[in-house]
Amino acid sequence: MIVAGAASMFLLQSAVHAGRLLAAQPGLSLGDPVLSMLWGTVVFGETVRGGWHIAVAAFAAAVLGTAVFVLARSPALADDDGRPEESDAAPVADGAA
């Protein structure tokens, strides 16, 4: 668990350092519940209920994925021009020299 915790902290810091939090947050929001379920079943041997519970979980996952997708593209997160904000990278010239 210590190695997994250190690796996840490294990956989180790398994702946030690579760009704005806006770019990293959707992956974190979607990955956290999935990895938590996998960690519980594989490492701790928890059992997963079947039957109609699977359909409810799949529906909830689809709603979560859609919500994260919509929120990541929210107009409230756009800059003054109405475009999504870019990272702090230098602007690319338009071909004028």
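The values are calculated or read from the model by the stated rules, or taken from the named source; none is laboratory data. Note that the coordinates shown come from a computational prediction; the quantities given were computed from them, not determined experimentally. Ideal geometry is used to build each Cβ from the backbone, glycine not excepted, and the neighbour counts take in all protein chains shown. Keep in mind that these areas ignore ligands, DNA and RNA; they rest on the heavy atoms of the full protein, side chains included. Shrake-Rupley method; radii C 1.70, N 1.55, O 1.52, S 1.80 Å.
Within the stretch 14-31, which residues are in a helix (DSSP H, G or I) and surrounded by 11 or more Cβ atoms within 10 Å (Cβ to Cβ)?
Answer for the stretch 14-31, where residues must be in a helix (DSSP H, G or I) and surrounded by 11 or more Cβ atoms within 10 Å (Cβ to Cβ): ALA15, VAL16, LEU22, ALA23, ALA24, GLN25, PRO26, GLY27, LEU28, SER29, LEU30, GLY31.
Restricting attention to the stretch 50-97, and to residues there that are β-branched (Val, Ile, Thr) and at pLDDT 65 or above, which single residue is least open to solvent (accessible area, probe 1.4 Å)?
Across the stretch 50-97, the extreme among qualifying residues is VAL68.
Of (1) modelled with pLDDT of 80 or more; (2) not in a loop (DSSP other than H, G, I, E, B), GLU46 satisfies all except one. Which?
(2)
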